[in-house]
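No lab work stands behind these numbers, since they all come straight from the coordinates. Just so you know, these numbers come straight off a predicted model, no measurement behind them. Every residue, glycine as well, gets a Cβ built from its backbone with ideal geometry; the counts of neighbours run over all protein chains shown.
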């Protein structure tokens, strides 16, 4: 009986609130002004700083030729093996760099290095937005995740990334959107930091100047 009475009291309050609406006690709150301060540096510099703070490895490439040389050098220095790449535009670059790779998804669980693109880079957070278009599993399976991005994919805030992805896909979004901030880590077990617990222990971001921007600078 007491439970029924309590329920009736709650419902009565709800009905009263719906019938007799009160005025907004804070009518002058500004919801339009930016919440954050202006970034202290350019989008690429700020992203690089924030990305390295969370343990990511940031590498700047002047153009795609520089990107090919960088991929070749990383392959040699880090002794990459069991590399997977499923995106044709990056498969072409890996071939130019002389980096052996697999594109058969059957071997995803045994791969050591995954190379993908991304949707956008969130400068303020140093975060990478990825989607199912870049592969769901490559954000989890490999020990090393290498992301290739171009300068025109940089945006200031997370809300800008969501707006841009809505525009990019005309509202028909990929089935999965996710944001990566640094390599996988956890301190759940005895408060000891463990890298790679739920995903890659190494995260590289290779930022390439957009070909369009490069061509325009050559014309000047």
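Of the residues making up region 1-59, those that are more than 30 Å from residue 154 (Cβ to Cβ) and touching a residue at least 12 places away in the same chain (Cβ under 8 Å) number 0. The requirement of being part of a helix (DSSP H, G or I) and closer than 12 Å to residue 204 by Cα is fulfilled somewhere in region 50-66, by at least one residue. Of everything listed in (1) over 16 Å from residue 202 (Cβ atoms); (2) surrounded by fewer than 22 Cβ atoms within 10 Å (Cβ to Cβ), the single unmet condition for residue 119 is (2).
Based on this model, can you work out whether residue 28 counts as crowded, with 16+ Cβ neighbours inside 10 Å and either out of contact with any strand residue (DSSP E or B) (no Cβ under 6 Å at 6 or more places or on another chain) or not in a loop (DSSP other than H, G, I, E, B) (or both)? For residue 28, the condition - crowded, with 16+ Cβ neighbours inside 10 Å and either out of contact with any strand residue (DSSP E or B) (no Cβ under 6 Å at 6 or more places or on another chain) or not in a loop (DSSP other than H, G, I, E, B) (or both) - is not met. Number of residues in region 142-156 that are buried (at least 21 other Cβ atoms within 10 Å of the Cβ) and farther than 17 Å from residue 210 by Cβ: the value is 4. The set of residues in region 78-90 being part of a helix (DSSP H, G or I) and surrounded by fewer than 18 Cβ atoms within 10 Å (Cβ to Cβ) consists of 78, 88, 89. Screening region 97-182 for strands (runs of 3 or more DSSP E) wholly inside it with 3 or more residues that are in contact (Cβ under 8 Å) with a residue 40 or more places away in the chain returns the ranges 120-122, 127-131, 144-150, 177-180.
For residue 75, the criteria (1) part of a helix (DSSP H, G or I); (2) touching a helix residue (DSSP H, G or I) at 6+ places or on another chain (Cβ under 9 Å); (3) in contact (Cβ under 8 Å) with a residue 60 or more places away in the chain; (4) farther than 20 Å from residue 164 by Cα hold in every case but one, which is (3). Annotation: of all residues in region 44-63 being out of contact with any helix residue (DSSP H, G or I) (no Cβ under 7 Å at 6 or more places or on another chain) and closer than 26 Å to residue 132 by Cβ, the one that is surrounded by the most Cβ atoms within 10 Å (Cβ to Cβ) is 47. Restricting attention to region 78-94, the residues that are over 24 Å from residue 131 (Cβ atoms) and without any contact (Cβ under 8 Å) to a residue 24 or more places away in the chain total 1.
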